[in-house]
Amino acid sequence: SDLLAYRFSVALTRRRAAKTIRELALSLPEAYEDAPWGHPVFKVADNRMFAWLVENDPVELTLKLSAEEREIAFLHPWVRRASYVGRYGWVTATIEDADALETALEWLRESYYLKAPARLRDAAFAE
């Protein structure tokens, strides 16, 4: 049925979104995955968390952004202040389409940059 096809495509999109996020996160220097609360958390170097992923439908990605980036992020209806850690500059993005995913991937790089030690930042972002 059409409904079944729609549900399958939504599930596929959710898996693809999570897979794309994980691939980018783990491609960054010295990044690794942990699961202290039962869902994927991405860390760099000595236990510095730079993102966490909730593989619900839709996928949610929580990241740290600079004050300037946060102001822009909150203009999107799919971004909210993160629970518990929002006061420290973290936001949660609900990723339901390709545009949101693309933006969230940029923010993932930004979050890594904010949390990584200087030696890794310089290596990761050298032109």
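The values are calculated or read from the model by the stated rules, or taken from the named source; none is laboratory data. None of these values were measured; they are calculated from a predicted model. FYI the Cβ positions are ideal-geometry reconstructions off the backbone, even for glycines, and counts take in every protein chain you see. Surface areas here come from the heavy atoms of the whole protein model, side chains and all, with no ligands, DNA or RNA. Shrake-Rupley method; radii C 1.70, N 1.55, O 1.52, S 1.80 Å.
The table below lists the values:
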item: Residue that is open to solvent by 70 Å² or more (accessible area, probe 1.4 Å) and of a type in the set (A, V, I, L, M, F, W, C), where the choices are 72, 95; result: 72
item: Filter result (touching a residue at least 24 places away in the same chain (Cβ under 8 Å), open to solvent by less than 80 Å² (accessible area, probe 1.4 Å) and of a type outside the set (Gly, Ala, Ser)) within the range 44-54; result: 44, 49, 50, 53
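So that you can scan it fast, the table gives a plain yes or no per residue for (1) buried (at least 16 other Cβ atoms within 10 Å of the Cβ); (2) modelled with pLDDT of 95 or more; (3) out of contact with any Gly (no Cβ under 8 Å at 6 or more places or on another chain):
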site	(1), (2), (3)
5	no, no, yes
11	no, no, yes
16	no, no, yes
57	no, no, yes
61	yes, yes, yes
68	no, yes, yes
89	yes, yes, yes
99	no, no, yes
102	no, no, yes
